[in-house]
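Student: The structure follows.
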Amino acid sequence: MENIKLIINFLGQLLPAINITLIVSVSSIVLGSLLGLGLAAAKQSESAILRVFASIYVSVIRATPSIIMIFVVYYGMPLFFSAWFHINIEGWNRMYFVIIALTLLFSAPVSEIMRSAYGSVSKGQTEAGLMVGMTPFQTFYRIVLPQAFVVALPNFANSVINLMKEGALTFTIGVVDMVAKAQMIVANNSGGYAWQTYCALALIYWVISLAIDKGVTLVEKSYQAKRKTIAA
Amino acid sequence: MSLNTDFMVKVAHTAIQGVPVTLQIVLVALLISLPVGCLFALIRIYRIKGLEQIVKLYVSFVRGTPIIAQILIVYSAFPSLLNMIIGKAAFSINPIYYAYIVFTLNSIATLTEVFRSALQTVDKGQLEAGLMVGMRPRQIFWRIILPQALISALPNITNATLYLMKNSSLAFIMSVKDITAIAKTEAAFNYNFLEAYLVVWVYYLIICYSAEVIFYLLERYFSKYRRSTKKTTYFNWQPFSIKQPNVSAEAELTESGRGDHAQNRRIKKKL
Amino acid sequence: MLKIEGLRKSYDGNEILKGISVDVSKGDVISIIGPSGSGKTTLLRNMTTLEQADGGHIQFADVDKDFQKLSSKDIQTIRRNVGFVFQNYNLFNNKTALQNITEGLIVARKVNKSEAKKIALEALERVGLSDRQNHYPSQLSGGQQQRVGIARAVALNPKVIFFDEPTSALDPELVGEVLKVMRDLAESGTTMVVVTHQMNFARNVSNKVIFMADGHIVEQGSPESIFEHPSEKRTQEFLTDILANV
């Protein structure tokens with residue numbers, strides 16, 4: 001009982017830092033999806049160089065620990081920028097480095113998800129669309145995309161949850177997010193109530209993950225409902 | 001931009017001592033979590049009252065929270081827990097044991113889901129056929145169902161292993177002397193962090209890629225029964241190509257194909 | 001030899017089998033025919049205890065009991081005395097053709113390995129697949145898989161072999177090879193109960209035909225009586241429909 005009270009108390013102290021997590025996650029999702037779209041397009045492209053580049057990129061990311069990616073971006077980018085563009089970016093908000101690292105990480109699985117979703121609906125549906133006289137763009141936009149979206153959704157949501165969890169490493173380069181905040185609280189209590197603090201931290205992430213899962217299930221259900229009514 | 005290559009060579013030499021540590025963590029976690037994950041999957045499939053809910057909650061928690069939070073919880077809670085049991089000795093335990101605990105607990109959740117879907121891809125007809133030749137359910141599980149499920153789970157087990165290997169790079173937070181920790185200490189002397197992490201990166205690429213090759217060979221060896229005489233599979237030499245868990249899709253395809261066949265024939269018969 | 005009385009089975013309140021009685025004597029080849037959804041497959045699955053019947057009595061091997069009162073030992077006895085050939089073959093995917101047959105012999109019947117192999121090879125010979133003994137199911141055609149499925153049932157030397165629409169999942173050109181194996185079995189005196197849509201088989205191979213509709217046995221008798229002089233209107237309709245399309 002005592003512990004639950006403590007956890008609730010810590011929840012209150014941690015929650016204000018949630019905006020860092022949200023900003024980092026949302027920006028990386030948006031940027032990562034765009035980059036992922038580019039990669040997916042590169043994989044489908046005529047140019048062999050683009051295709052090879054895209055697949056090497058995706059496979060390297062698959063074997064890269066997130067923490068290493070964050071460190072390499074954080075320590076490498078300022079050096080890279082000053083050497084090549086003579087721009088000093090050391091003063092950047094450290095959050096930007098995390099966003100860039102997560103964008104790079106997120107784009108790889110997302111490109112694969114997009115590609116396989118597109119592949120799963122594309123062929124017959126495109127042909128049918130073209131044969132009823134729609135333009136390729138109309139066919140893509142009105143027929144293929146909505147179907148691919150439904151196919152991709154569960155995997156995409158899964159990747160989003162993973163991204164958010166990887167985002168919990170933001171603290172390692174000194175941004176005060178919820179994890180850093182939790183560590184400070186523990187330090188302030190001279191190491192006391194540590195596990196209760198970290199449980200509060202985990203709870204927050206758990207709730208967000210569950211919410212994303214629930215949201216996806218609802219969207220899927222509404223799509224399935226639509227399908228049924230059309231079929232009937 | 002110039003990299004301190006001498007330093008990189010030096011880090012490569014010292015950090016390699018961390019490779020066995022990383023592999024040890026991965027191996028211990030896998031060896032424990034494979035059977036336990038399988039057991040948990042069975043609990044969920046057979047809906048064992050009470051236990052089912054616990055497993056569900058456990059898997060949901062582990063999958064819904066960052067590994068860093070799990071590390072921090074275990075690392076802060078276990079020493080005092082152990083203190084109650086074995087006294088002061090708890091605080092002098094080699095931290096690698098905490099790494100074993102965290103990564104095992106984490107992998108159990110991942111593998112529970114992997115086995116759950118793999119066991120469900122095995123057709124119910126396999127069980128019925130076993131019953132009709134007089135085998136007992138337990139015999140059918142060990143001799144027919146589990147071997148098939150294990151093989152269809154292999155691609156996802158590969159994924160889970162890579163995930164585990166990558167996550168193990170966070171063991172340094174528990175002051176385990178793994179690759180990352182060693183490189184970090186080396187780098188701190190002269191602030192050569194970029195060089196150090198580039199070396200670590202290469203090590204992870206090598207480790208993960210080796211794991212993928214090993215799993216690929218395993219898959220090839222064990223799935224001989226899946227290959228029809230006509231098509232043979234080749235190793236995809238694109239390094240670390242992302243394997244979608246296509247096993248179930250394949251199974252579904254043949255399943256629906258069969259249904260269609262039957263339906264066609266029924267239609268033919270009617271016509 | 002096998003006697004079923006008043007077999008009942010419902011799913012979700014829908015009664016699929018409304019009190020079926022079947023009497024199988026040694027050497028019988030019984031064909032069960034009828035429209036889709038009439039309960040033929042359900043009947044087979046309940047007779048062989050693959051599913052638990054809601055009511056009825058079975059007299060077979062050493063068992064003489066109501067279905068609901070069957071102990072797990074009784075169920076084991078029944079299963080050890082029947083063979084079953086599935087519509088989808090259900091060969092063990094991780095076992096070769098030969099191993100599919102030896103598996104039951106070795107594991108369930110405790111036959112020693114060399115003896116089991118000998119029996120299995122004979123069974124494969126009988127279905128004409130000796131040269132495929134080391135192939136996995138995925139390497140066999142549907143017709144070949146079903147012949148292995150039949151060999152697997154035959155090898156256990158059961159009192160009765162049940163066939164659940166054995167040719168329904170096959171491409172039309174593969175149906176013949178399976179029917180031929182079944183005809184050979186029938187001629188060698190094997191007791192068989194066959195759910196089938198192959199009217200030629202029912203008419204020319206079996207000695208008794210059961211016509212089922214809506215969970216009842218509408219009519220049963222010799223193939224001649226059913227096919228030439230059906231007494232029930234329902235039977236006549238079914239036969240006119242199906243024979244018109246052959």
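Student: Filter the trypsin sites (Lys or Arg not before Pro) in the stretch C:80-160 down to the DSSP loop ones having no more than 11 other Cβ atoms within 10 Å, then list what survives. Walk me through the numbers on the way to the answer.
Tutor: Working: sites: C:ARG80, C:LYS95, C:ARG109, C:LYS110, C:LYS113, C:LYS117, C:LYS118, C:ARG126, C:ARG132, C:ARG147, C:ARG152, C:LYS159; in loops: C:LYS95, C:ARG109, C:LYS110, C:LYS159.
The qualifying sites are C:LYS110.
Student: Using only the C-alpha atoms of the stretch A:1-85, find the volume of their convex hull and express it per residue in Å³.
Tutor: Numbers: hull volume 14.3 nm³, N = 85.
It is 169 Å³ per residue.
Student: So if I restrict to the alpha-carbon atoms in the stretch B:139-184, what is the Rg, and what is Dmax, the biggest pairwise distance, in Å?
Tutor: 17.0, 52
Student: Please quote Rg/Rh for the protein assembly as shown to two decimal places, taking the Kirkwood radius as Rh and restricting both calculations to Cα atoms.
Tutor: Working: Rg = 31.9 Å, Rh = 30.2 Å.
Ratio of gyration radius to Kirkwood radius: 1.06.
Student: Okay, next question. Rounded to the nearest angstrom and ordered from largest down, what semi-axes does the equivalent ellipsoid of the stretch B:42-124 get from its C-alpha gyration tensor (root of 5λ)? Please report the intermediate quantities before stating the final value.
Tutor: Working: eigenvalues 195, 37, 25 Å².
Here the semi-axes work out to 31, 14, 11 Å.
Student: With unit charges on the beta carbons (Lys and Arg positive, Asp and Glu negative) and the dipole taken about the Cα centre of the stretch C:138-246, which residue among C:ALA213, C:LEU179, C:GLN198 sits farthest to the positive side?
Tutor: Of the candidates, C:LEU179 comes out farthest on the positive side.
Student: What's the exposure ranking of A:ILE23, B:ILE140, going from fewest to most Cβ atoms within 10 Å? Walk me through the numbers on the way to the answer.
Tutor: Details: A:ILE23 15, B:ILE140 22.
Exposure proxy ranking, most exposed first: A:ILE23, B:ILE140.
Student: A follow-up question, please. So if I take the alpha carbon set of the stretch A:2-231, get Rg, then get Rh from the Kirkwood formula, what is the Rg over Rh ratio? Working shown, then result.
Tutor: On the way: Rg = 21.5 Å, Rh = 20.2 Å.
Dividing the radius of gyration by the Kirkwood radius yields 1.06.
Student: By counting other Cβ atoms within 10 Å of each Cβ, how are C:SER138, A:SER45 ranked from fewest to most? List each step's numbers first, then the result.
Tutor: Values: C:SER138 16, A:SER45 13.
So the ranking, lowest neighbour count to highest, is A:SER45, C:SER138.
Student: Next up: Between C:VAL218 and residues 5 or more places away or on another chain, which pairs have amide H atoms under 5 Å apart, with H built 1.01 Å from N, and which residues are they?
Tutor: Residues meeting the amide H criterion: C:PHE211, C:MET212, C:ALA213.
Student: Shifting gears a bit: Tell me, B:MET132, B:MET165 in order of fewest to most beta-carbon neighbours within 10 Å? Intermediate results must be reported in sequence, preceding the final value.
Tutor: Working: B:MET132 26, B:MET165 23.
Ordered from fewest to most neighbouring Cβ atoms within 10 Å, B:MET132, B:MET165 come out as B:MET165, B:MET132.
Student: Related question: In 10 Å bins starting at zero, report the fraction of Cα pairs in the stretch B:47-189 per bin as a rounded %.
Tutor: Over the stretch B:47-189, the share of Cα pairs per 10 Å bin runs 10, 27, 29, 19, 11, 4, 0, 0 percent.
Student: Here's something else I'd like to know. When the Kirkwood hydrodynamic radius is evaluated over all pairs of different C-alpha atoms of chain C, what value in angstrom, to one decimal, is obtained? Write out the running numbers ahead of the final one.
Tutor: Working: mean 1/r = 0.0539 Å⁻¹.
The Cα-based Kirkwood calculation yields 18.6 Å.
Student: Using alpha carbons only, how many angstrom separate the centre of the stretch B:10-52 from the centre of the stretch A:146-211?
Tutor: First find each Cα centre; the distance between them is then 22 Å.
Student: Let me ask something additional. Filter C:LYS3/C:LYS26; A:LYS165/B:LYS166; C:LYS65/C:LYS208 down to the pairs with a C-alpha to C-alpha distance above 18 Å, please. Show your work: numbers first, answer last.
Tutor: Working: C:LYS3/C:LYS26 11 Å; A:LYS165/B:LYS166 14 Å; C:LYS65/C:LYS208 25 Å.
Result: C:LYS65/C:LYS208 exceed 18 Å.
Student: Now for a separate question. Please state, as a whole number in µm²/s, the translational diffusion coefficient that the Stokes-Einstein equation yields for the stretch B:165-210 at 25 °C and 0.890 mPa s, with Rh defined as the Kirkwood radius across alpha carbon pairs.
Tutor: Numbers: Rh = 10.8 Å.
Approximately 227 µm²/s, per Stokes-Einstein.
Student: Taking the Cα centre of chain C as origin, work out the dipole magnitude from +1 charges on Lys and Arg Cβ and -1 charges on Asp and Glu Cβ, in debye rounded to 20.
Tutor: Using only the charged Cβ atoms, the result is roughly 980 debye.
Student: Could you size up the charge dipole of the protein assembly as shown around its Cα centre, putting +1 on the beta carbon of Lys and Arg and -1 on that of Asp and Glu, and report it in debye to the nearest 20?
Tutor: 560 debye
Student: What list of ³J(HN,Hα) values in whole Hz, one per residue of the stretch C:173-181 in order, does the Karplus curve 6.51 cos²θ - 1.76 cosθ + 1.60 (θ = phi - 60°) give from phi, with Gly and Pro shown as x?
Tutor: Computed from phi, the couplings for the stretch C:173-181 are 6, 9, 5, x, 5, 6, 4, 5, 4 Hz.
Student: So, in Å, what gap is there between the alpha-carbon centers of the stretch B:56-120 and the stretch C:224-246?
Tutor: Distance between centres, Cα-based: 69 Å.
Student: Given the -39500 (n - 2.57) contribution per DSSP H run of 4+ residues, what per-residue ellipticity at 222 nm results for chain C, rounded to the nearest 500 deg cm²/dmol? Each step should come with its number before you reach the end.
Tutor: Details: 9 runs with 92 residues, N = 246.
Computed ellipticity for chain C at 222 nm equals -11000 deg cm²/dmol.
Student: Next up: I'd like the Karplus ³J(HN,Hα) series for the stretch B:171-188: coefficients 6.51, -1.76, 1.60, θ = phi - 60°, whole numbers in Hz, and an x wherever there's a Gly or Pro.
Tutor: Coupling constants for the stretch B:171-188: 4, 4, 5, 8, 6, 7, 7, 9, 3, 4, 4, 4, 4, 4, 5, 4, 5, 5 Hz.
Student: Further question: Would you mind working out the magnitude of the charge dipole of the stretch A:2-231 relative to its Cα centre, with +1 at each Lys and Arg C-beta and -1 at each Asp and Glu C-beta, to the nearest 20 Debye?
Tutor: Working: 15 positive and 9 negative charges, 122 e Å.
Roughly 580 debye for the stretch A:2-231.
Student: Enter the per residue convex hull volume of the stretch C:16-85, computed from alpha-carbon coordinates, in Å³ rounded to the nearest integer. Write out the running numbers ahead of the final one.
Tutor: On the way: hull volume 7.0 nm³, N = 70.
Taking only Cα atoms, the stretch C:16-85 has a hull volume of 99 Å³ per residue.
Student: Right, next: Could you go through the stretch A:163-174 in sequence order and give the Karplus-derived ³J(HN,Hα) for each residue, using 6.51 cos²θ - 1.76 cosθ + 1.60 with θ = phi - 60°, rounded to whole Hz, and x for Gly and Pro?
Tutor: Couplings: 4, 4, 5, 5, x, 5, 8, 3, 4, 5, 10, x Hz.
Student: Another question, if that's okay. In the stretch A:150-218, what is the volume of the convex hull around the alpha carbon atoms, normalised per residue and reported in Å³? Numbers along the way, then the final one.
Tutor: Details: hull volume 5.2 nm³, N = 69.
Per-residue hull volume (Cα only) is 75 Å³.
Student: Helix-derived [θ] at 222 nm for chain A: sum -39500 (n - 2.57) over DSSP H runs of at least 4, divide by residue count, nearest 500?
Tutor: On the way: 8 runs with 183 residues, N = 232.
Using -39500 (n - 2.57) per qualifying helix, the result is -27500 deg cm²/dmol.
Student: For the stretch A:2-231, what's the relative contact order in percent, using C-alpha pairs closer than 8 Å and at least 6 residues apart?
Tutor: 30 percent
Read-outs throughout are calculated quantities, based only on the coordinates presented, and are distinct from any laboratory measurement. If you're wondering where the values come from, they're calculated on a predicted model, not measured in any experiment. All Cβ positions, even for glycine, are placed from backbone atoms using ideal geometry, and neighbour counts span all protein chains on display.
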